[in-house]
Amino acid sequence: MSVIELTINDRSVRGDVESRVHLGDFLRDTQNLTGTHLGCEHGVCGACTVLVDGEPVRSCITFAVACDQQKVRTIEGFDDDELMKRLRRSFSIHHGLQCGYCTPGMLITARDIVRRFPDADEARIRLELSGNLCRCTGYMGIVAAISAVLADLKENPIAIAQAPVTRAVVSDATISALAFETFAAAPASAPQAAVAASTASTDQPATLRKGWTAIDDSFVVPFALDKVWAFMGDLPSVTSCLPGAELVEQDGESVKGRIAIKFGPMSANFAGAARLERNDAAHRAVMRGAGQDNISRSRANGDVTYALSSEDDGARTRVAVTLEYMLQGPLAQFSRSGLVKDFVRRMIADFGARITAQLGGSATPEAAASASSAKFNAGSLVWSVIWGRIRQLFGKGD
Ligand code: FES
Ligand code: FES
């Protein structure tokens, strides 16, 4: 048993919990906060979503002991929240609920969407809601309810602590490409201005280690190989091309860092360390790293291998990337989904766009990502599950 002290809905709570007790069970069984619903209990349906230190998390895969000294807010804790009042009213008006089982998680996720994406369109709302499942109402009413609140806020604004989008988010380009399609093959037609994403990818190299997942992809940048190779060895610059990533310490080829990610309503903040091994003669490098999410206590190990080769008589460089990773803990269930793999490939393309902009010296990474597609800003979706590797890649990421 462990003693934990936390704040739940502005109330200080002290309790004895066994290490294996999840936050959802702790809230329901010891605090009588039964508004937090448990559906799948596998981190998939989102019914159990609560806020931990202001970030949506799935309480069914979050250990209570991991929330020691943190602030938890459940659906019962929003009675004085004007934004939540509007959402509740709008859900009723637009028939955003039927049995109501998914509704607590839906509302908390909806509030997060409104705070982070004040200009969200339907595609963005649907994507951000993709981790919350409703078994009876369907999503039209829910999406309409959120859209109505966003529109109303422009007419009748209220003071909302706008949440900065510090987590990696799916780029609008990615949404556009995936919207309402299956997540099967991502057409390579997306507007990658200077980046020609090539995707002859295979998921499982012959040498793949047991329990690991691998994704191969590549992108092309319009610069000579030597220039690209030099850039890829500059870890601060590379990190700046990764949305949500932060490099906190560097000692030669070793780095420590973190990466905040969001995959639908699931959030993670991985911290870890990585080491870069470069072969200058072969223009090949491997970043090996490991990290842990401090909320779900999921762990990740990963290698990111990239190899450069010249194309078009040296005018362009192809960067072949192989991500191999293994997730352990509650987030492991997401590591092999086709959705994640597809997102990862698109993230690699966005990463290439950002590198192109950095090397060109003409745009910020955000602008570069924007330029890489019709109207999107940053592309970081891929990082969701691949976090493991990417975070390791760029600084402790996950
Ligand atoms: S109960 Fe389904 S995600 Fe937690
Ligand atoms: S309203 Fe019944 S599961 Fe969503």
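The values are calculated or read from the model by the stated rules, or taken from the named source; none is laboratory data. Remember, it's a predicted structure, so these values are computed and weren't measured experimentally. FYI the Cβ positions are ideal-geometry reconstructions off the backbone, even for glycines, and counts take in every protein chain you see.
Only one residue in L23, L27 is modelled with pLDDT of 95 or more, crowded, with 17+ Cβ neighbours inside 10 Å and away from ligand 1 (no atom under 11 Å from the Cβ), so which one is that? Show your work before the answer.
Numbers: L23 fails: away from ligand 1 (no atom under 11 Å from the Cβ).
On inspection, the qualifying residue turns out to be L27.
Please work out which residue is surrounded by the fewest Cβ atoms within 10 Å (Cβ to Cβ), limiting yourself to region 234-255 and to residues that are out of contact with any strand residue (DSSP E or B) (no Cβ under 6 Å at 6 or more places or on another chain) and closer than 27 Å to A268 by Cα. Steps first, answer last, please.
Pass one, region 234-255, residues out of contact with any strand residue (DSSP E or B) (no Cβ under 6 Å at 6 or more places or on another chain): 234, 237-238, 240-242, 250-252.
Keeping just the survivors that are closer than 27 Å to A268 by Cα gives 234, 237-238, 240-242, 250-251.
On the way: D234: 11, S237: 17, V238: 24, S240: 18, C241: 22, L242: 26, Q250: 15, D251: 9.
Checking each candidate, the answer is D251.
So which pairs qualify, if the first residue must be in region 123-142 and within 16 Å of T49 (Cβ to Cβ), the second must be assigned to a loop (DSSP other than H, G, I, E, B) and within 16 Å of ligand 1 (Cβ to nearest atom), the Cβ gap must be under 6 Å, and the two must be at least 6 apart or on different chains?
That search, which allows pairs on different chains as well, returns S130/G264; G131/G46; G131/G264; G131/P265; N132/G46; N132/P265; L133/C45; C134/C102.
State whether one or more residues within region 77-100 are of a type outside the set (D, E), more than 16 Å from ligand 2 (Cβ to nearest atom) and in contact with a strand residue (DSSP E or B) (Cβ under 8 Å, 6 or more places away or on another chain). Walk me through it before giving the result.
Let us first name the residues in region 77-100 that are of a type outside the set (D, E), namely 77-78, 83-100.
Within this subset, residues satisfying the condition of being more than 16 Å from ligand 2 (Cβ to nearest atom) are 77-78, 83-86, 89.
Now narrow it down to the ones that are in contact with a strand residue (DSSP E or B) (Cβ under 8 Å, 6 or more places away or on another chain): 77.
Yes - at least one qualifying residue is present in region 77-100.
(1) over 12 Å from G24 (Cβ atoms); (2) within 16 Å of ligand 2 (Cβ to nearest atom); (3) touching a residue at least 12 places away in the same chain (Cβ under 8 Å): which one isn't true of D53, the others all being true?
Tallying (1) over 12 Å from G24 (Cβ atoms); (2) within 16 Å of ligand 2 (Cβ to nearest atom); (3) touching a residue at least 12 places away in the same chain (Cβ under 8 Å), D53 fails exactly one: (2).
Name the residues in region 45-62 that are surrounded by fewer than 18 Cβ atoms within 10 Å (Cβ to Cβ) and out of contact with any strand residue (DSSP E or B) (no Cβ under 6 Å at 6 or more places or on another chain), would you?
G54
Would you point out which residue out of A224, A194 is more than 19 Å from L323 (Cβ to Cβ), modelled with pLDDT of 80 or more, more than 24 Å from the chain's Cα centre (by Cα) and not polar (S, T, N, Q)? Reasoning before the result, please.
On the way: A194 fails: modelled with pLDDT of 80 or more.
Testing whether each residue is more than 19 Å from L323 (Cβ to Cβ), modelled with pLDDT of 80 or more, more than 24 Å from the chain's Cα centre (by Cα) and not polar (S, T, N, Q) leaves just A224.
The conditions are (1) in a strand (DSSP E or B); (2) under 27 Å from L127 (Cβ atoms); (3) away from ligand 1 (no atom under 16 Å from the Cβ), and S12 fails exactly one of them. Which is it?
(2)
Select from region 79-109 the residues that are away from ligand 1 (no atom under 16 Å from the Cβ) and of a type in the set (G, A, S) and write down the one among them that is farthest from P157 (Cα to Cα). Show your work before the answer.
To start, the set of residues in region 79-109 that are away from ligand 1 (no atom under 16 Å from the Cβ) comprises 79-98.
Subset that is of a type in the set (G, A, S): 90, 92, 96.
Numbers: S90: 15, S92: 20, G96: 22 Å.
So, considering only residues that are away from ligand 1 (no atom under 16 Å from the Cβ) and of a type in the set (G, A, S), the one farthest from P157 (Cα to Cα) is G96.
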